[in-house]
1. Find out how many positive minus negative residues lie around S88, taking Lys and Arg as positive, Asp and Glu as negative, among other residues whose Cβ is under 13 Å from that of S88.
2. What shape does region 65-114 take by its C-alpha gyration tensor, where a ≥ b ≥ c are the square roots of the eigenvalues and a/c under 1.5 counts as rounded, a/b above b/c as prolate, and the rest as oblate?
3. For V53, list long-range residues whose amide hydrogen, built 1.01 Å from N in the peptide plane, is under 5 Å from its own amide hydrogen.
4. Provide the gained length on full extension for the span I141 to L86, in nm with one decimal, where the gain is 0.36 nm per separating residue minus the Cα-Cα distance.
5. May I ask for the Rg/Rh ratio of region 29-114, computed from Cα atoms with Rh as the Kirkwood radius, given to two decimals?
6. Can you give the charge dipole size of region 41-156 about its Cα centre, rounded to the nearest 20 debye, using +1 on the beta carbon of Lys and Arg and -1 on the beta carbon of Asp and Glu?
7. Which lysines have a Cα lying under 30 Å from the Cα of K42, excluding residues fewer than 8 positions away in the same chain?
8. Treating only the Cα positions of region 105-145 as identical point scatterers, give the base-10 log of I(q)/I(0) from the Debye formula at each q in 0.35 Å⁻¹.
Amino acid sequence: MTFRLFLVVLLSGLFLVPLGCTRRSGNTYSSQSLGKIGRVDKGVVLNVRLVNVEGTTKTGTMLGGVTGAALGYEIGKGSGDATKILGSAAGAIVGGIAGAGTEEMITRTTAYEYIVEMETGHMETIVQRDDTPISHGDRVILLKGPDAKIILDPGI
């Protein structure tokens, strides 16, 4: 393995590591929320249940594909152009699949699904991660905006 190949693999791994750090709790906001105005509504929690959250941002697929293509090219190096192209294509496919699987595994988590009856009579549902779940019957405030979430109503 050449030094350049080792460097590509190492750097790709470093880019995948932050994917595991994207989980936000109910107490965390994204930077896009700063300075934004959102609407709030009051309500009562009608139902709470633990749910599984799966999915990807496709970052793992892209990084895996790029890494796989680079590895495939390096493996085909020294052969003809057709071998480099085929190696890159095969590497991109295998790397993309591996990257998607890795991201899915890293980002899989559990959260709570809340069904809230608003004071206006309509119902809203929201899924969020909480260290301590809000309970059935609790009075809450639904924060609507870039990082929608519910919080306990302090009763002010």
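We did not get these values from a lab; they are worked out from the coordinates using the rules stated. For clarity, every value in this text was computed on a predicted model and none was experimentally measured. As a convention, Cβ positions derive from the backbone with ideal geometry for all residues, glycine included, and neighbour counts pool all protein chains shown.
1. Value of the local net charge: 0.
2. prolate
3. Amide H neighbours of V53: T109, T110, A111.
4. Residue separation times 0.36 nm, minus the Cα-Cα distance, leaves 14.2 nm.
5. Across region 29-114, the Cα-based Rg/Rh ratio is 1.31.
6. 420
7. Candidates past the 8-residue exclusion: K144, K149.
8. -1.42
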